[in-house]
1. By how many nm would the segment from GLN73 to ASP51 lengthen if fully extended, with 0.36 nm per residue of separation less the alpha-carbon distance?
2. Spin-label point model (7 Å from Cα, Cβ direction): what's the ALA87 to TRP133 distance in nm?
3. Given the C-alpha centroids of region 1-53 and region 139-160, what is the distance between them in whole angstrom?
4. Once both labels are modelled 7 Å past Cα along the beta-carbon direction, what's the LEU35-LEU10 spacing in nm?
5. Mind running the shape call on region 15-65? Use the C-alpha gyration tensor, a ≥ b ≥ c as the square roots of the eigenvalues: rounded below 1.5 for a/c, prolate if a/b tops b/c, oblate otherwise.
6. Solvent-accessible area of ASP98, probe 1.4 Å, all protein chains present, reported in Å² to the nearest ten, please.
7. Give the shape of region 1-86 as rounded, prolate or oblate, defined through the alpha-carbon gyration tensor: a ≥ b ≥ c are the square roots of its eigenvalues, a/c under 1.5 means rounded, and otherwise the shape is prolate if a/b is larger than b/c and oblate if not.
8. Please say if the chain is rounded, prolate or oblate, where rounded means a/c under 1.5 for a ≥ b ≥ c the square roots of the C-alpha gyration tensor eigenvalues, and otherwise the choice is prolate for a/b larger than b/c and oblate otherwise?
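The values are calculated or read from the model by the stated rules, or taken from the named source; none is laboratory data. Remember, it's a predicted structure, so these values are computed and weren't measured experimentally. Don't worry about glycine lacking a Cβ; one is built from the backbone with ideal geometry, like all the others, and counts go over all protein chains shown. Ligands, DNA and RNA are excluded from the accessible area calculation, which covers all protein heavy atoms including side chains. Shrake-Rupley method; radii C 1.70, N 1.55, O 1.52, S 1.80 Å.
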Amino acid sequence: LLGANKEAELITKLFTMSTTSLIQKPFSIALINQLSKKADILHLATHGYLDSSDINSSYLVTGKKMVNGKSIQTKLLLKDIYDLDLASSKLVVLSSCDTGKLGNLSNEPDDVVGSLASAFRVAGANTILASLWKAHDEATKIIMQSFYENLKLGYDKGESLRRAELKLKENPKYGHPLFWSLFSLIGDWR
């Protein structure tokens, strides 16, 4: 995800004094829990996968590791998200595909959460910014940069997202709603 790398670099530059950046480095439940205790915002720019037929198989890619000479993806499964301690997190940004999209819950017990984003909410996050469908790498980078610039200017989360969407919508290359209306806030929009 070239755009995700650039996205992380741009956000790091905006918040230089208060940012821990892990570009092209794996992350884990323990690391997320450690970082979330001292960070108001947790931004995860990675691949997301929603398995709509088996919501419990949904995941975020956390990195890669070598197994028997082969590189395999490591994952943060939906069930693992419940083990996170995000009570101190004011905002979790899931800059990945399908993180806010609901899976098919017809065969699931009543206590199963229907999306990756809602699992982060159950784990204690106050607000989640999540995608409703497949994310376009470059458009996502642009909207995230604008979103954080708006937050830094003092706008609340809802207004920051609205302004970022409108800015992207003005770009002829990304004027279709597929690009600019991708993200939704869950939880406290202030």
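1. Details: separation 22, 0.36 × 22 = 7.92 nm, distance 1.63 nm.
In short, 6.3 nm is gained.
2. With each label placed 7 Å out from Cα toward Cβ, I get 3.9 nm.
3. Taking the Cα centre of each part, region 1-53 and region 139-160 sit 16 Å apart.
4. Simple spin-label model gives 1.9 nm for this pair.
5. Working: a/c = 2.33, a/b = 2.00, b/c = 1.16.
Verdict is prolate for region 15-65.
6. 10
7. On the way: a/c = 1.78, a/b = 1.38, b/c = 1.29.
Cα axes put region 1-86 in the prolate bin.
8. Values: a/c = 1.36, a/b = 1.25, b/c = 1.09.
Because its axes are fairly even, with a/c under 1.5, the chain counts as rounded.
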